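Have a look at the structure below, then the notes.
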Amino acid sequence: MKKTLSAVVIGMVMSTVAVEAAELVAKRITAENAAQYVQAGPDAAGGIGDWILSNGSVCAVISGIAHESELSVRGGTLIDLGYCGRADDHYVGAQDLIDSSRDTPVNIERVDGKVGPSSAVIRSFGGQGGVIVETSYRLDADEPDKLFITKHLTQRDGEPSVALYTSIFFNYYSLVPFVASTIDPSRSNGFVQESFVTRGPTEIATFARTADLIVALSPADADAPITYGWQMVSAKRSNADGSVVDLPFYALADFSALSFLAITEPFVTGDGADIGLLQLLEVPFTELAAGDEITFEEVLHLAPRADVAGITDRIYADAAKVDGRVSEGSAVVHLDLKDGTPFTQTSADSRGAFSVHLPAGAYTMRIAAKGGRELSVPFQVGESDMTLETVDLDAPSRVALPQGSPMRLTFKGLDGTPDPLFGGNFLGAVELRDDSSYRLTGVNQIFLMGTDKDPAFALLPPGKYRIYGTRGPEYSLEKAEISVVAGNDTVLDIAALSVVVETAGFISADFHVHSGPSFDTVMPRAKRVATYLAEGAEVLVATEHETVFDFQPTIDRLEVGAYVATIAGTEITGEVGSDRTPYTLGHANAFPVDAQALAFRRGAFANENRRWREVIADLKTRRADSLIQLNHARWDDRFAPGSPAWEEDWSGDRAAYFDHMGVGRSYNAGEILGSDGNRRLIDPDPVTGRRDIDFDAMEVMNGISRESERALRRDWLSLVSQGEKIVATANSDSHTASQQVGLPRNMIAVEEDTIEAFDEAAFVSAVQQGRVYGTTGPMLEVTLGDKGLGEMVAGGSAELTVKVSSAPWIDASTLTISVNGKALRDFPVENGEVVAFKLGFEKDSYVTVEVAGDPGEDYAVVYPGFKPYAFANPIYVDANSDGVWTAPGLATQ
């Protein structure tokens, strides 16, 4: 009850935040005014100690110096932006870089604010190397939808110069970018982007665009949709001799970040409209002289809707207004120039109506609607407002969906029919990479909660389909086939799902799940709950990046508390290479954690330029019963024992902590923890005594990092063999509907295994004790003597009993028994079979079991890329019955 009440109070605080109309504000957020000024929305992060800027319409938050930012251990950057009181913040954050390197961010040293008669201003002062940077954020009383940004750079005498200045708007796959040029619209590339984050500077000609506008759209189905339009108005250099020149700048955009890149000196070759090899050769010789200054003028436009026209209509407000209508509401309307160059995009309302402002010229209207329906119509725009003829789309083909029970429906096209896609945005957004491309599309699945909030129909293109109905590995799999005829209605008649594997005494959970509050996804919270329910998982642990979040208000609003329980938590996310941790801390989840509604990042833990032992101490001090789990600690298996301890050209993921341990040396599972290479993990903090290895749990299976499972299991067994009783877990790490949620999953042994009787404290305690097994389908019952998972049996011998159960559509045929991390042998096993083995022990030991199977045709469709597998946490053996477990050490492996 206490947790639910807390969530309701937080929701009330965040939903009622508003700034009085026409009030100009530029001040520090304090404990006294935080309830008024802390903003809300999926990515809202600002809190006490930050700065609020408002004109009564738009509210912006600039972080306090003490708060870490995306690429710096200091704050002073823009972190929240939206309409006051609307709870629509989707702005992740910003950072400016010197010479385009994440290692040289502009570090802010001071922030101040002031209010004038017609505007409110917050300024930040900082620098990097030889450059001093002053940034001004301004909101005007008479401009309700614009944030004006001015950046002023000054070169210090005798200090290194700057050749490139990069401003970054972090996107992390959470907003859809559209790049346009208001100066020369023929240079717009719309929703088709070239990746730049993963490419080097020699490829700049591929990804740099001569454009001045980057539009970023939230999902249209967000609780409060919003669009940001980032416009570079001018980039000028003022030389010490009094001359002023325009500087070349370029737009860079992909699904990870948005950026404007400016060269600090005009090119000698070319006209600056394009950048190629000759211009790149000039960059190393570009420099500022002492006293030279650069000024960037930028505008961040806002629109309370999710389409490009929300921004372009303001920029082209004096152009003709074009009204139109589509025969079906909510269709997406793309407006292209005659040659196919994207110009803008909008969506029809529920009645099919839309309007856009377009300069005179020839255009093509491309309409996309559910059910795979598309249509193109050319038209001409003059100087005057006009109304287009209604565009009639073909009648949709509707399929009536089953009602009243949670399930996931997977659609596969037959006889040449493509797999249908649901939940897409019809924007055609794509990121082009060196050898591939990544498209933002829908999925061939529909997720049903079993309530009256489920969709009654789905729209499909004509064709033949096979539908798979599932609800996770404890339930049956049912199939049905349908033929869809254009314009006709069809009923999907699929058998009800039934429980086919009993898991009494266990409750299922995914300890690594993301939704909109994470900076790298925009999946609406309600949709995330729906996907989880459809997968039949029972305990949903909220682990959003760098914020503390609780799904309980969403679950209450959806009225699905009878199906799912939840625990509030966070994913601690190291991003900044620093003096103490050059390769960051990696990632770890912590739960349960209480959200602090008015705190920066809602009370998430500071982690940059710190070691894990300090972060763990903070967590345990705040809440002693919290659990901390090391996430995806390996990128791959390149650092297996016997391999080099490090690669100077390592190109893995900084999130993989065991690959680098924060300092550029891999954990060696073949050496003792006290070795020179591994000792960092066990060095105690001189104040708290905590160590970097003091995690309660670690992921051995991660749904989106499957190639690292072998390495992670080796690491885990190495640690257990040396006495570190870290619990192995299995999680999805799902960020989107296309990434499987609730599988891999954990099965936790608890006395009360129903949602109604869910006890958070007992649940977390069971996990910390190791009463857990992880699975992608097979279910286990394991005892050694009279003890279960995580427990200790006394004596030199005991009988190991294992029962393997799985749904008929999930194979589980090979059982592996290991003692002290070494496999004894593999055994064939039948579904539902109970097998028993007498084991003897000469010294204290630990026993683990695994079961594996082959993915059959149905399993491969429902869980593509996975294989049936389950592993159990150890049962410990006190061979000499002295009441103390002595780790066997590495020598026995």
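The values are calculated or read from the model by the stated rules, or taken from the named source; none is laboratory data. Just so you know, these numbers come straight off a predicted model, no measurement behind them. A quick note on method: Cβ atoms are made from the backbone with ideal geometry, for glycine too, and the neighbour counts reach across all protein chains shown. Ligands, DNA and RNA are excluded from the accessible area calculation, which covers all protein heavy atoms including side chains. Shrake-Rupley method; radii C 1.70, N 1.55, O 1.52, S 1.80 Å.
In whole Å and largest first, what semi-axes does the C-alpha gyration tensor of region 776-892 yield when each eigenvalue is scaled by 5 and square-rooted?
For region 776-892, the semi-axes come out at 30, 13, 11 Å.
Placing unit charges on C-beta atoms (Lys and Arg positive, Asp and Glu negative, everything else neutral), compute the dipole magnitude of region 506-775 about its Cα centre in debye, rounded to 20.
300 debye
What are the ³J(HN,Hα) couplings of region 343-359, residue after residue, when phi is run through the Karplus curve with 6.51, -1.76, 1.60 and θ = phi - 60°? Round to Hz, x for glycine and proline.
Working through the residues one at a time gives 10, 7, 7, 8, 9, 6, 6, 5, 9, x, 7, 8, 8, 8, 9, 9, x Hz.
Order 511-517, 162-168 from most to least packed using the mean count of other Cβ atoms within 10 Å.
Top of the packing list down: 511-517, 162-168.
In region 671-827, what percentage of the DSSP-assigned beta bridges are antiparallel, given to the nearest 5?
Close to 75 percent.
Compute and list, largest first, the equivalent-ellipsoid semi-axes of the chain from the alpha carbon gyration tensor, each √(5λ) rounded to a whole angstrom.
48, 35, 25
Work from the charge dipole of region 776-892 (Cβ charges, +1 for Lys and Arg, -1 for Asp and Glu, about the Cα centre) and give the residue of F837, G865, V819 farthest towards its positive end.
Looking along the dipole axis, the top candidate is V819.
Accessible area of W646, 1.4 Å probe, to the nearest 10 Å²?
Approximately 50 Å² for this residue.
Return the calculated 222 nm mean residue ellipticity for the chain, to the nearest 500 deg cm²/dmol, obtained by summing -39500 (n - 2.57) across DSSP H runs with n ≥ 4 and dividing by the residue count.
Here the helix-only value at 222 nm equals -3000 deg cm²/dmol.
Quick one: angle between helix 525-534 and the longest Cα principal axis of the chain, in degrees between 0 and 90, rounded to 10, please.
30 degrees
Compute the distance from the alpha-carbon center of region 601-670 to that of region 843-861, in whole Å.
Rounded to whole Å, the Cα centres lie 27 Å apart.
Taking only C-alpha pairs under 8 Å that are 6+ residues apart, what is the relative contact order of the chain in percent?
Over the chain, the number comes to 8 percent.
Just in region 542-603: which trypsin sites (Lys or Arg not before Pro) are loop by DSSP and have at most 15 other Cβ atoms within 10 Å?
Listed in order of number, the matching sites are R580.
Could you check the spin-label model distance between D318 and A606? Points 7 Å from the Cα along Cα→Cβ, value in nm.
Those two pseudo-labels are separated by 5.0 nm.
What is the diffusion coefficient of region 714-825 in µm²/s, taking the Kirkwood radius over Cα pairs and the Stokes-Einstein relation at 25 °C with a viscosity of 0.890 mPa s?
152 µm²/s
Show which lysines lie in cross-link reach of K787 when reach means a straight Cα distance below 20 angstrom and same-chain residues fewer than eight apart are skipped.
In chain and number order, the partners are K725, K803, K838, K843.
State to the nearest 20 debye the size of the charge dipole of the chain about its Cα centre, where the only charges are +1 on K and R beta carbons and -1 on D and E beta carbons.
Charge dipole of the chain: 820 debye, to the nearest 20.
For a quick check of your reading of the filter: which GluC sites (Glu not before Pro) in region 267-339 sit in a DSSP loop and have no more than 16 other Cβ atoms within 10 Å?
In loop regions of region 267-339 (DSSP not H, G, I, E or B), the sparsely surrounded GluC sites (Glu not before Pro) are E287.
For an R0 of 30 angstrom, estimate the FRET efficiency from the Cβ-Cβ distance between Q596 and H152 and round to the nearest 0.05.
That gives a FRET efficiency of 0.25.
Of the listed peptides 85-91, 148-154, what is their order by residue-averaged count of other C-beta atoms within 10 Å, with the highest listed first?
85-91, 148-154
Going down the list K370/K527; K453/K867; K479/K822; K151/K321; K479/K867, which pairs span over 30 Å between their C-alpha atoms?
Check vs 30 Å cut-off fails for K453/K867; K479/K822; K151/K321.
List the residues, sorted by chain then number, that are 5 or more residues from Q345 or on another chain and whose placed amide H is less than 5 Å from its amide H.
Long-range HN contacts for Q345: V308, A309, L335.
May I ask which residue of W646, I555, V25 lies farthest towards the positive end of the charge dipole of the chain, with charges of +1 (Lys, Arg) and -1 (Asp, Glu) on Cβ and the Cα centre as origin?
Checked the options; the winner is I555.
For region 174-326, with every protein chain kept in place, what is the accessible area per residue (1.4 Å probe, Å²)?
For region 174-326, the per-residue accessible area is 36 Å².
Just report the Cα centroid separation between region 234-305 and region 711-730, whole Å.
With region 234-305 and region 711-730 each reduced to a Cα centre, they are spaced 51 Å.
Please turn the phi angles of region 225-231 into ³J(HN,Hα) values with the Karplus equation 6.51 cos²θ - 1.76 cosθ + 1.60 (θ = phi - 60°), one per residue in order, whole Hz, x for glycine and proline.
Values, residue by residue: x, 8, 10, 10, x, 9, 10 Hz.
With +1 on the Cβ of every Lys and Arg and -1 on the Cβ of every Asp and Glu, and nothing else charged, how large is the dipole of region 397-491 about its Cα centre, in debye rounded to the nearest 20?
I would put it at about 120 debye.
Would you mind estimating how fast region 543-604 diffuses translationally, via Stokes-Einstein at 4 °C and 1.567 mPa s with the Kirkwood radius over Cα pairs, in µm²/s?
Diffusion coefficient, whole number: 100 µm²/s.
Give me the distance in nm between label points sitting 7 Å out from Cα along the Cα-to-Cβ direction at S350 and Q739, one decimal.
Each label point is offset 7 Å from its Cα along the Cβ direction, giving 3.3 nm.
What are the ³J(HN,Hα) values, in whole Hz, obtained from phi via the Karplus relation 6.51 cos²θ - 1.76 cosθ + 1.60 with θ = phi - 60°, for each residue of region 553-568 in sequence order, with x given for Gly and Pro?
Result, rounded to whole Hz: x, 5, 4, 5, 5, 7, 6, 10, x, 6, 9, 8, 10, 9, 10, 6.
Please work out, to two decimal places, the log10 of the ratio I(q)/I(0) at q = 0.10, 0.13, 0.23 Å⁻¹ from a Debye calculation in which every Cα of region 635-744 carries one identical scatterer.
Here the Debye-derived log intensity ratios amount to -0.31, -0.52, -1.37.
If packing is taken as the mean number of other Cβ atoms within 10 Å per residue, what is the order of 655-661, 474-480, highest first?
655-661, 474-480
Set the Förster distance to 30 Å, then compute FRET efficiency between E830 and K479 from the Cβ-Cβ distance, nearest 0.05.
Calculated value: 0.75.
Which one, S181, F255, A537, projects farthest toward the positive side of the charge dipole computed for the chain from Cβ point charges (K/R +1, D/E -1)?
Of the options given, the answer is A537.
Pull up all non-local amide H partners of F549: gap of 5 or more, or a different chain, and H-to-H distance under 5 Å with H placed in the peptide plane.
E544, G569
List the aspartates and glutamates whose Cα sits under 13 Å from the Cα of K464, skipping any in the same chain fewer than 8 residues away.
D415, D419, E481
If we count every other residue with Cβ under 9 angstrom of E535's Cβ, Lys/Arg +1 and Asp/Glu -1, where does the sum land?
Around E535, the surrounding residues sum to +2.
How large are Rg and Dmax for region 95-303 when calculated on the C-alpha trace, in angstrom?
17.2, 54
Amide H of T490: which non-local residues (sequence gap of 5 or more, or other chain) have their own amide H closer than 5 Å, using H built in the peptide plane?
So T490 has HN proximity to R398, V399, A400.
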